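Data first, discussion second: the structure below is written as structure tokens.
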Amino acid sequence: MAEIRLQNLAHSYSAQPSGAEDYAIREMTHVWEQGGAYALLGPSGCGKSTLLNIISGLLSPSEGQVLFDMREVNDLSPQERNIAQVFQFPVVYDTMTVFDNLAFPLRNQGLAESRVTSKVHEIAEVLDLHPLLHRKARNLTADEKQKVSMGRGLVRDDVSAILFDEPLTVIDPHLKWKLRRKLKQIHEQFNITMVYVTHDQLEASTFADKIAVMYGGQIVQFGTPRELFERPKHTFVGFFIGSPGMNLIEVSPYAGGVCFGQTRVPLAPALCQRIAELGGQSLKLGIRPEFVHVSDEPFVDALRGEVRHVEDLGTYKILTLELDGVTLKARLQEDLPVPHKVAYIGFPSQWLMVYADDVLVEVRP
Amino acid sequence: MNKVINNKAWWLVLPVFLLVAFSAILPMMTVVNYSVQDIFDASTRTFVGVEWYQQVLQNERLHDSLLRQFIFSACVLLIEIPLGIAIALCMPTKGRWASACLIVMAIPLLIPWNVIGTIWQIFGRADIGLLGWTLSELGISYNYAANTMDAWVTVLVMDVWHWTSLVALLCYSGLRAIPDVYYQAARIDRASAWAVFRHIQLPKMKSVLLIAVMLRFMDSFMIYTEPFVLTGGGPGNATTFLSQTLTKMAVGQFDLGPAAAFSLVYFLIILLVSWAFYTAMTHNDQQR
């Protein structure tokens, strides 16, 4: 069990990286605290797996340090780091039985056979592998194999951390949910640091206490699911988290707010001042579809838009609106009246975010 | 519903059937024909039943060469399979060296059998051969033409030199097909190098090893050219293997009846042993 600290870490697969594009991981400093359940969320190819392999020691970073409890482990092998990792596709030892597969990491550690047996039974219980224990691993189905793979990661309880690299990709949806619950339980029971790589936001938010969103080789935001939802620090987080993603409108500043087309959106003076300080960067206005206020009747300061499309998703509806040449999405609870043709739109100021060069503009308190 | 029974599609098999008939079935039936009759010329023949079979099964000379043959094939497999696996494990996996190794490994496979025999025949001579000369200078007595053991070892070394590459290349292809993630998982699980070999590499190489074992068994069991070129089967009968005995019988003594009977027995032995290897090596797959 350990705190994992990444200090000025960067990694490039090419020997002589010439620019930022050559880096799979751009310079970052990040701390995974002892005993946390974390998710590493991001699209395919953003460097998630690379980062995971650097933590586990399968890959050596080209720059920076990996520290376990403040001890540098850059040159230590995965064995010496004492880490467990579960991979995207199941890896089982074909010739062994399920029992021997689960016992394998323990036996390699030189654990007494009686301890091995009790640990294996304990983990088989958790993963419902009991009926399969004496079968050959070769003849299992894909999800049974993946459970065995996961079991081998979970069976050692003295590890520094357990890393999961999209472990549920090959698993049936209903089983997925069950296994995620199991992982959560195991985490609560053993209090081991767990890092869970995924590109599925639902998976990330049900498993993790805190989520790191990765984009283009960098962690663009690290926070609770609620923080990621309510205050995305990067337009990518706004776009990637939530369904549908955040509305992002290109705007230009004017005294007292921002505008697009003929529409003016007033902002708090402090925020306006901050935007003015930043100068001529590309500005975007962001608001979650959940927070767009839509009504079929005019109200004070309402903007007049047209309804283009209504999508009924059962418990809520998604409205596609056009406002001054800009397309907006709004999420409407089912009990609210749906405007026809003309909608009156409001942007509650506490949910309005302004992004300069894709990064959230924040007012210093 | 009326189902129309139409078996005309069977006619499509006809070309293949004819081809196989002319290339395999007819020649084989000729042999069967000879093995149950005593044929002098086109019009003089008598049916002899299993007489030829009885005769060859009691032939001492054939017993001896059969025994030699089994020992030789066993030696070939016991040396070439482990050596081939070891070489495959040591070969570089990528880059220029990998290509260079592959080419070097493939060279012996391209050399014809009788050339191999001639190479080693000259190589082993004490007067003009590098190997023979070096050994005699070192004070080791080595003469494949006179000493049974020397002749045996020379034929064996020749075969190992010629065919270990095949095993190595097959194993190499098997090893390259193992995804990296298996090795990564093994590192995470703290598997020893032996455990990686035993539980990852060997099981994944199994199908290519099966092919390697079968090919090497069949080939070595039919060895003819190399000992024939080296010593003509000598000294004495020390390196006279089955196919040479058979050739002597058929072409040298013109005993076509017994030779045909023995050919079929020879064929059945190879079939039986290959089946045994196959069954033994795939036996575990059926286990639950």
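Of the residues B:I269, B:I223, only one is out of contact with any Lys or Arg (no Cβ under 9 Å at 6 or more places or on another chain), of a type in the set (A, V, I, L, M) and part of a loop (DSSP other than H, G, I, E, B); which?
Matching residue, one of B:I269, B:I223: B:I223.
Restricted to region A:5-38, and to residues that are closer than 30 Å to A:P225 by Cβ and among the charged types (D, E, K, R), which residue is surrounded by the most Cβ atoms within 10 Å (Cβ to Cβ)?
Among those that are closer than 30 Å to A:P225 by Cβ and among the charged types (D, E, K, R), it is A:R5.
Answer yes or no: is there a residue in region A:156-167 that is part of a helix (DSSP H, G or I), at pLDDT below 85 and either over 17 Å from B:I188 (Cα atoms) or charged (D, E, K, R) (or both).
Checked region A:156-167: no residue is part of a helix (DSSP H, G or I), at pLDDT below 85 and either over 17 Å from B:I188 (Cα atoms) or charged (D, E, K, R) (or both).
Determine which member of the set B:L202, B:L210, B:L215 is within 14 Å of chain A (Cβ to nearest Cβ) and within 25 Å of B:Y278 (Cβ to Cβ).
The match here is B:L202.
Please name all residue pairs, on different chains or six or more residues apart, with Cβ atoms under 7 Å, provided the first residue is in region A:311-324 and is in contact (Cβ under 8 Å) with a residue 12 or more places away in the chain and within 16 Å of A:I345 (Cα to Cα) and the second residue is among the polar types (S, T, N, Q) and not in a loop (DSSP other than H, G, I, E, B).
Note: pairs meeting the criteria are A:T320/A:T327; A:L323/A:T263; A:D324/A:T263.
Could you say whether any residue in region A:109-125 is within 27 Å of B:A195 (Cα to Cα), within 14 Å of another protein chain (Cβ to nearest Cβ) and touching a residue at least 40 places away in the same chain (Cβ under 8 Å)?
yes
Contact list please: Cβ distance under 6 Å, first residue in region A:131-150 and part of a helix (DSSP H, G or I), second residue modelled with pLDDT of 90 or more and of a type in the set (S, T, N, Q), pairs at least six apart or on different chains.
Pairs that qualify, where the first residue is part of a helix (DSSP H, G or I) and the partner is modelled with pLDDT of 90 or more and of a type in the set (S, T, N, Q), are A:A137/A:N101; A:V148/A:N101.
Mind checking which residues of region B:177-195 are surrounded by fewer than 19 Cβ atoms within 10 Å (Cβ to Cβ), more than 8 Å from chain A (Cβ to nearest Cβ) and assigned to a helix (DSSP H, G or I)?
Hits for region B:177-195 are B:D180, B:Y183, B:A193, B:W194.
Going by the conditions given, is B:G174 within 14 Å of chain A (Cβ to nearest Cβ), within 26 Å of B:I223 (Cβ to Cβ) and in contact (Cβ under 8 Å) with a residue 12 or more places away in the chain?
yes
Any idea how many residues of region A:345-365 are among the aromatic types (F, W, Y) and more than 22 Å from the chain's Cα centre (by Cα)?
Number satisfying all stated conditions: 1.
I'd like the residue in region A:238-260 that is closer than 16 Å to A:L360 by Cα and polar (S, T, N, Q) and, out of all such residues, is modelled with the highest pLDDT.
That would be A:N247.
The rows are residues; the columns are (1) more than 12 Å from chain B (Cβ to nearest Cβ); (2) modelled with pLDDT under 85.
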position: A:R107; (1), (2): no, no
position: A:M150; (1), (2): no, no
position: A:Q185; (1), (2): yes, yes
position: A:A204; (1), (2): yes, no
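Scan region A:55-85 for residues that are closer than 20 Å to A:E166 by Cα and within 9 Å of another protein chain (Cβ to nearest Cβ) and report the count.
The number of residues fulfilling the criteria is 7.
Of the conditions (1) assigned to a strand (DSSP E or B); (2) of a type outside the set (K, R); (3) within 13 Å of chain B (Cβ to nearest Cβ), A:T29 clears all except one; give me its number.
Exception for A:T29: condition (3).
With the requirement that a residue be crowded, with 24+ Cβ neighbours inside 10 Å and either of a type in the set (F, W, Y) or not assigned by TED's automatic domain parsing to the domain that holds A:L129 (or both), what does region A:69-92 give you?
Matches in region A:69-92: A:F87 only.
Could you say whether any residue in region A:63-84 is in contact (Cβ under 8 Å) with a residue 40 or more places away in the chain and in a helix (DSSP H, G or I)?
yes
Which strands (runs of 3 or more DSSP E) does region A:181-287 wholly contain that include 1 or more residues that are acidic (D, E)?
Because the criterion is at least 1 residues that are acidic (D, E), the strands (runs of 3 or more DSSP E) in region A:181-287 that meet it are A:247-254.
Are there any helices (runs of 4 or more DSSP H) wholly within region B:11-79 with 1 or more residues that are within 30 Å of B:G234 (Cβ to Cβ) and out of contact with any Leu (no Cβ under 6 Å at 6 or more places or on another chain), and if so which?
In region B:11-79, B:26-35, B:51-57 are the helices (runs of 4 or more DSSP H) which contain 1 or more residues that are within 30 Å of B:G234 (Cβ to Cβ) and out of contact with any Leu (no Cβ under 6 Å at 6 or more places or on another chain).
The values are calculated or read from the model by the stated rules, or taken from the named source; none is laboratory data. Since the model is a prediction, treat every value here as computed from it, not as a measurement. Using ideal geometry, Cβ is built from the backbone for each residue, glycine included, and neighbour counts are taken over all protein chains shown.
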